[in-house]
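To start, the structure under review is shown below, and the notes come after it.
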Amino acid sequence: MRWVRFRHGGTLKIGTLNDDMVVVQSGSMFQNPEPTGEVLEPADVTFLPPVAPGKMIGLANNFHALIEKAGGSIPEEPLYFIKVNTSLHQGGVPITRPKRYAGKIIFEGELGLVIGNTCRDVSPEDALACLFGCTCVNDVTAIGLLNKDPDFPQWTRSKAADTFGVIGPVVATGLDLATLRVVTTLNETERQNYPVADMVFSPAELISHLSHDMTLEAGDVIACGTSVGVGSMRHDDVVTVTIGGIGSISNRFIDPSAQA
């Protein structure tokens, strides 16, 4: 199933996409939702990020190909950071530059895991029972901020600006994670095309490791990290992240300084 969140008639609703129509559902997508009988045209709703996570957890150095290209080493355990929930952003709405940062801003196409129920200290064998579904992520980064201060890597500041947590267009359930590929285009030119199977830590291992550090709750998103091909965005560039079975999410990058 493909789950969405949207506004219709001034009301926040959830639903599923069926034959390109929006089937409205009652309650929470995570707890026994039921169709209301209302079916809407997509053109009549305003789509939002498909979930409202309490936290977005992003992985670093989680793909063999990128580690090899960078000459790095395989981490012994997942390396991660937090993207704050106010960075959450949907497709079709521009990504914008933070006002106090003039440096390079990059795109990172990724698979996002959406947690479906509260989980803590789960084993890798049981971890996928905590997974509700998957979404596309563009983990936007103000890369020049990351190591601006040599004494303190600024992961939060570089990753958590408004509009930097792009997810969507849907949360898809029932996917075969081992077969998925992440494809990212910049102005319709392919820049990334990599298999999820190249992860250092699999989705089950990520959920398990993270659940031993913190409680994961329904709606939380784990961005699984990216592979080779990330690049910078310039004013009016359009970045699209596509994963088979989920769909595509596109955003234009608007740089107010380039318009001045």
Pairs, first in a loop (DSSP other than H, G, I, E, B) in segment 144-161, second open to solvent by 70 Å² or more (accessible area, probe 1.4 Å) and of a type outside the set (Ser, Thr, Tyr), C-beta under 7 Å, six or more apart: Pro153/Asn147; Gln154/Lys148
Every pair of residues 6+ apart whose Cβ atoms lie under 7 Å, when the first sits in segment 9-28 and is farther than 17 Å from Ile246 by Cα while the second is of a type in the set (D, E, K, R) and open to solvent by 70 Å² or more (accessible area, probe 1.4 Å): Gln25/Glu34; Ser26/Glu34; Gly27/Glu34
Exclusive hit being open to solvent by 70 Å² or more (accessible area, probe 1.4 Å) and touching a Phe, Trp or Tyr at 6+ places or on another chain (Cβ under 7 Å), set Thr36, Thr46: Thr46
Subset of segment 128-152 (residues that are over 19 Å from Ile222 (Cβ atoms) and either in contact with a strand residue (DSSP E or B) (Cβ under 9 Å, 6 or more places away or on another chain) or surrounded by 23 or more Cβ atoms within 10 Å (Cβ to Cβ) (or both)): Ala142, Ile143
Subset of segment 203-222 [closer than 28 Å to Asn251 by Cα and either without any contact (Cβ under 8 Å) to a residue 24 or more places away in the chain or open to solvent by 70 Å² or more (accessible area, probe 1.4 Å) (or both)]: Glu217
Yes/no for Ile143 being of a type outside the set (Lys, Arg), within 30 Å of Ala258 (Cα to Cα) and touching a Ser or Thr at 6+ places or on another chain (Cβ under 6 Å): no
Residue that is farthest from Ile249 (Cα to Cα) [pool: residues in segment 61-72 that are in contact with a strand residue (DSSP E or B) (Cβ under 8 Å, 6 or more places away or on another chain) and open to solvent by less than 70 Å² (accessible area, probe 1.4 Å)]: Ala65
Qualifying residue in segment 173-192 (condition: at pLDDT 95 or above, in a strand (DSSP E or B), open to solvent by 20 Å² or more (accessible area, probe 1.4 Å) and hydroxyl-bearing (Ser, Thr, Tyr)): yes
Qualifying residue in segment 97-113 (condition: in a helix (DSSP H, G or I), in contact (Cβ under 8 Å) with a residue 12 or more places away in the chain and out of contact with any Lys or Arg (no Cβ under 8 Å at 6 or more places or on another chain)): no
So Gly58, is it surrounded by 12 or more Cβ atoms within 10 Å (Cβ to Cβ), in a loop (DSSP other than H, G, I, E, B) and within 23 Å of the chain's Cα centre (by Cα): no
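The values are calculated or read from the model by the stated rules, or taken from the named source; none is laboratory data. Fair warning: this is a prediction, and the values are worked out from it, not measured in the lab. Here the Cβ is made from the backbone with ideal geometry for all residues, glycine too, and neighbour counts use every protein chain on show. The accessibility values were calculated without ligands, DNA or RNA, using every heavy atom of the protein model including side chains. Shrake-Rupley method; radii C 1.70, N 1.55, O 1.52, S 1.80 Å.
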